[in-house]
Amino acid sequence: MIRSTARVDAVTLEARAAMLVARSIKADAKRAGIELAIACMDLTTLEGKDTPAKVRGLCARGVSPAPGAPSVAAICVYPNLVPAAVEAVAGRAVKVASVATAFPSGLSPLDVKLRETTEAVAAGAHEIDMVIDRSLFLAGRYRAVEDEIRAVRAACGGATLKVILEAGELGSYRAIRAACDIALAAGADFLKTATGKIGVSSTPAIALLLCEAIRDHARLTGREAGLKLAGGIRTTKSALGYLALVCETLGPAWLTPARFRIGASSLLDDLLLQREKAVTGNYGSAAYVATA
Amino acid sequence: MSRATENAAAFAYAPSLESTAPVAIRERYGLFIGGEWAPAADDRTFATINPATEETLALVAHGSAADVDRAVRAARRGYEKYWRKLRPAERAKYVYRIARVLSERAREFAILETLDGGKPIRESRDFDLPQATAHFFYHAGWADKLAWAVDGAERPRPLGVVGAIVPWNFPLMIAAWKIAPALACGNTVVLKPAETTPLTALALAGVCAEADLPPGVVNVVTGDGATGAALVEHPDVDKISFTGSTEVGKGIRRATAGTPKRLGLELGGKSAFIVFDDAPLDQTIEGIVSAIFFNAGHVCCAGSRLLLQESIAEDVTDRLRLRLASLRHGDPLDKNTDIGAINSRAQRDKIAELVRSGIEEGATLVQHDWTPPERGFWYPASFFTNVQPTYRIAREEIFGPVLSILTFRTPDEAIERANNIPYGLSAGVWSSSGALSMYVAERLSAGVVWCNTFNRFDPSSPFGGYKESGFGREGGLTGLRAYLET
C-alpha cells in the first residue's frame, strides 16, 4: 500500500495548473522571466552519439549563450562525458550535472548504480540526476526505493542530488505524490519530473504536484528542496508559464538556480530569440542564434 | 542582491490589461421594446458606473410601470403575432443565431461585463460568456424536440409572456439562463436587468436585433426595484422567473400569490463546504478559493461556510492562510487579477458591516494584506476562524469574499451542521472516499451537491434551491419544463 497519506484529485489539480501556466506575462516581467529561465537552465545533451567535442560546444554555449545574457545553471551529460564538461566549464560558475543510476531505466544492480554515482562525482560532477527504480516502485517496494535513494544520496557526498521520478510512468497523480514524498524523505535536494526519454514528461499538473510536495515538506521539516522540470519545455511561453506556476505555489524565493531548474536542449534557442525581441523590439532570425 | 534575485523580484507580473477598444458604450441607452429603442415614458434616466473607478459608463433609461406595461404588451403581441405561430425548427434557428452572434462578440461582452460589474476579466471571459452562449446553444437544440422533454405531452405548449428579473452578479449569464429556455419553448420575454449592471443586457438586446428576432420577442426594461415590482404585478405576465435576494423573493411570492402566474425563484444561500480528513487537501484549497473568492464571493451558491473535520482544521487553515496571500487583487481588467471590485458601494458597506459583527461576536479575522485604490469599491479576501454556529457570519449571507470556518467531528455532525440553516442552494463534499461522499450528499438539503469540485455548471444540469434558497430549477430538462404548459 502507498504509505503517503497525501491524496490528489486530478480534475482540480489539472484545472489549477492550467490556470497558473496561463498567467499573462508581459513587459518587464517577461524580460525578467526570460533571464531567469536562462539562468535556471540545465542545458542538456543525453544521446548515445554524444562526444567530447559536442559537449565542449554545448559548454561554451552554456557559459555565454548570447552577448549580455546570463550563463545557464548547469550542463547535463552522461557520466562518460563529465570530464570533458568539467574541463570546458573550469573556472566558470556553470555547474556540471551528470545523470547516473542506469539512466534512463534505472534497472541495474544497486552496486553498479552507486559506483556510477561515485565515479561521476570523482570526475568532477557537481550534481547527480538519478532515476528512481520504477520497477521497484510499481511492484510496491517503496521501502527499497527509499533505501536506494538514501544510498545514492550518501554516494553523492558534497554533490547535489536530483531525483528523477519519471512521473509519466507512475500511473496516477497519487502515485507521483507518493514518489515525491519518498524522495524528499530520503534526502533528495531536487525533485525532477522526467528523464525526457518518454512521451509524457513535464505537464503543468505534474509540475504543480511536485511543487505542492516540496511546499509541504518545507512546512513540515523546514528543508527547502528544489524543483527541476525536464522534457518537453521548448518555448519561451511555456517556460514563463512554469515560472508563474512555481512562483505562485512555492514563492519567488524559489526562482533561483539554487532551487529551480529547467532541463532542456532546444528551449535556449527560443529564449534567445525572444530575448532579442524583448531587448531590440524586433524578432531576429534563428540564423543569428549560435547553436552548439 | 544577485542578478538572479533581482530577476525573481522583477518577475512580479507587469500589468496586463485587456483593451477596452472592442467595446463601444453609448452615452445613453433607451428601453428595448417591440424591437425598437425608446426613452422611458417620463424620460427618467440613471447612471451606471464602473465600480472599479466610480466613473459613469452611461445613462440608462429608468423604466416605470407605464414602460413595463408597454413592454408586456409588445411581448404579448410578439407572442401572438409571431413567436407562437412559428414552427419549432424555425424558432431553433433564431436561438442558434443568438448563440452564434454572442459567441462571435464574446470578447466585447466579457469586457463590458467587467467594466459594468467589476468582476475580473478572466472570469467574464472564461466563465460568464462561455456559459451564456452554452445556454443558448443547448436550448436551441431543444426547441423542436420538446415532446421528448415532457412525458405524455404530444405538443407541450408555451406559457406566453415571461418576466425575467436578473441580479448583478452574473448579469448576462443569468439572463441567458432565463431567455434561452423561454424562447426555445415558444415564450416571449420582458427582461429586467439589475440596476447596477444593465449594460450587457442592453447589448444582448442588440444581439437579438442582429439575429433578426421578430419584434417583441425579447424586450429589455432597465430600472430599479420598482420597475421589477411593476413587472411582477403586471396582470398579463404568465410567469416570473426571479434570481436575487431571499428578501425580494419572498415579496414576489406574496405578490404573485392568488394569481395564475407561474413562479421560479433562485435566491440566497449560505452553502456548506464540507472537508473530511481524507480529502485531497491541496485541491480542496483550490475548491475553497473557488467557493468563496470566485467573483469576489458575489455568488448565490458560494460555499461561504467551511466545515472542517476537527482533526485537519489547523492544517487546512494554515494552507488557506498561505493561499490567501497569493490571491491577486486589483484592476478587474488585468488578465492576472483573481479578485476584482465589489459591485457597489452598498454591497461593500454590507460586507464590512457583517465582518464587524463577526469580530464583535468573537471570531478571528484573517485578511489578505492589501491596500485598495482610493477610488472604487473593494474588499480584500478574508476568512474567519473561531466561528460559532450562532454567529451572524455563520448564518447570514455575506455575498462577499468572506469565509466562515467551523469544525465538526463526525460525518453525521457535518450533515447536521450543514443543514442547520434556512437556506439550501449548494454544498460541497470533499473526501477521497466515494462511499462517504455519497452518504453525505444524499442527506444534504441542497439543490446542488458538488463532490471534490465546486462551481461547476452546465446547461444540461439543473440548478436551484431548497428551503429559502427558492424553488424551481434552471437548466436541464427540469429547467426546460418550467417554461412549458405540461
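Straight Cα distances below 16 angstrom link A:LYS277 to the aspartates and glutamates A:ASP28, A:GLU35, A:ASP269, with same-chain residues fewer than 8 positions distant left out.
With contacts taken as Cα pairs under 8 Å at a separation of at least 6 residues, the stretch B:60-140 carries a relative contact order of 33 percent. When A and B come together, around 2700 square angstrom of accessible surface is lost from both chains combined, probe 1.4 Å.
Report the chymotrypsin sites (Phe, Trp or Tyr not before Pro) located in the stretch A:216-292 that are in a DSSP loop and have at most 15 other Cβ atoms inside 10 Å of their Cβ, or state none. When the chymotrypsin sites (Phe, Trp or Tyr not before Pro) of the stretch A:216-292 are filtered for loop state and at most 15 Cβ neighbours within 10 Å, A:TYR283 remain. Considering only Cα-Cα distances, which of the following residue pairs are longer than 31 Å: B:LYS81/B:LYS145; B:LYS85/B:LYS261; B:LYS85/B:LYS119; A:LYS192/B:LYS119; B:LYS178/B:LYS250; A:LYS162/B:LYS335? Checking Cα-Cα distances, B:LYS85/B:LYS119; A:LYS192/B:LYS119; A:LYS162/B:LYS335 exceed 31 Å. According to the square roots a ≥ b ≥ c of the eigenvalues of the Cα gyration tensor, what is the shape class of the stretch B:343-443, taking rounded for a/c under 1.5, prolate for a/b larger than b/c otherwise, and oblate for the remainder? Prolate, since a/c reaches 1.5 and a/b exceeds b/c. Computed from Cα positions, the angle between helix B:313-326 and the longest principal axis of chain B comes to roughly 70 degrees. So which aspartates and glutamates pass the test for B:LYS93, namely a Cα distance under 12 Å, with those fewer than 8 places away in the same chain ruled out? Qualifying aspartates and glutamates at Cα under 12 Å: B:ASP144, B:ASP212.
Across peptide B:332-343, the average count of Cβ atoms from other chains found within 10 Å of a residue's Cβ is 1.
Taking every protein chain into account, the accessible area of chain B amounts to 38 square angstrom per residue (probe 1.4 Å). Fully extending the segment from B:THR45 to B:SER460 would add 145.6 nm, taking 0.36 nm per residue of separation and subtracting the current Cα-Cα distance. Please find the FRET efficiency linking B:TRP148 to B:LYS85, where r is the Cβ-Cβ separation and R0 is fixed at 25 Å, and quote it to the nearest 0.05. For B:TRP148 and B:LYS85, the calculated efficiency is 0.70. Let me know the shape class of the protein assembly as shown, please: from the alpha-carbon gyration tensor, a ≥ b ≥ c as square roots of the eigenvalues, rounded when a/c is under 1.5, otherwise prolate if a/b is greater than b/c, or oblate. Taking the square roots of the gyration eigenvalues as a ≥ b ≥ c, the protein assembly as shown is prolate.
With contacts taken as Cα pairs under 8 Å and at least 6 residues apart, chain B reaches a relative contact order of 18 percent.
Under 23 Å of direct C-alpha separation, and excluding same-chain neighbours fewer than eight residues apart, A:LYS49 reaches these lysines: A:LYS95, A:LYS113, A:LYS197. Note on B:SER311 and A:LEU138: with the Förster distance fixed at 45 Å, the Cβ-Cβ geometry gives a FRET efficiency of about 0.90. When only alpha carbons are used to place a centre, the stretch B:116-149 and the stretch A:7-61 end up 38 Å from one another. With a ≥ b ≥ c taken as the square roots of the eigenvalues of the C-alpha gyration tensor of the stretch A:1-146, please select rounded if a/c is under 1.5 and otherwise prolate if a/b is larger than b/c or oblate if it is not? Note, shape of the stretch A:1-146 comes out oblate. Restricting the stretch B:435-486 to trypsin sites (Lys or Arg not before Pro) that sit in a DSSP loop and have at most 12 other Cβ atoms within 10 Å of their own Cβ leaves B:ARG456.
Once backbone amide H atoms are built at 1.01 Å from N, A:ASP129 has A:SER98, A:VAL99, A:ALA100, A:LYS162 as its partners under 5 Å, excluding neighbours fewer than 5 places away on the same chain.
Of the beta bridges in the stretch B:272-451, as assigned by DSSP with both residues counted there, near 15 percent are antiparallel. The trypsin sites (Lys or Arg not before Pro) found in the stretch B:1-110 that occupy coil by DSSP, while having at most 16 further C-beta atoms within 10 Å, are B:ARG26, B:ARG44, B:ARG84, B:LYS85.
Taking only the C-alpha atoms of chain B, the Rg (one decimal) and the largest Cα-Cα distance, Dmax (whole number), read 22.6, 77 Å. Residues of the stretch B:271-316 that bury at least 50 Å² of accessible area once all protein chains are present, compared with their chain alone (1.4 Å probe, heavy atoms only, ligands and nucleic acids left out), are B:ASP282, B:GLN283, B:GLU286. For the stretch B:272-451, the extents of the C-alpha atoms along the principal axes are 49, 31, 29 Å, listed from largest to smallest.
Taking a sphere under 9 Å around the Cβ of A:LYS113 and counting the other residues whose Cβ falls inside, with K and R at +1 and D and E at -1, yields a net charge of -3. GNM remark for chain A: springs join alpha carbons under 10 Å apart, and the peak mean-square fluctuation among A:ALA15, A:ALA225, A:ALA194 falls on A:ALA15.
Spacing of the modelled spin labels on A:GLU224 and B:ALA24, each 7 Å from Cα toward Cβ, amounts to 5.4 nm. Surface composition of the stretch B:272-451: carbon and sulfur atoms hold 48% of the protein heavy-atom accessible area at a 1.4 Å probe.
The values are calculated or read from the model by the stated rules, or taken from the named source; none is laboratory data. None of these values were measured; they are calculated from a predicted model. Note that each Cβ is placed from the backbone with ideal geometry, even for glycine, and that neighbours are counted across all protein chains shown. Please note that ligands, DNA and RNA were not included when accessible areas were found on the heavy atoms of the full protein model with its side chains. Shrake-Rupley method; radii C 1.70, N 1.55, O 1.52, S 1.80 Å.
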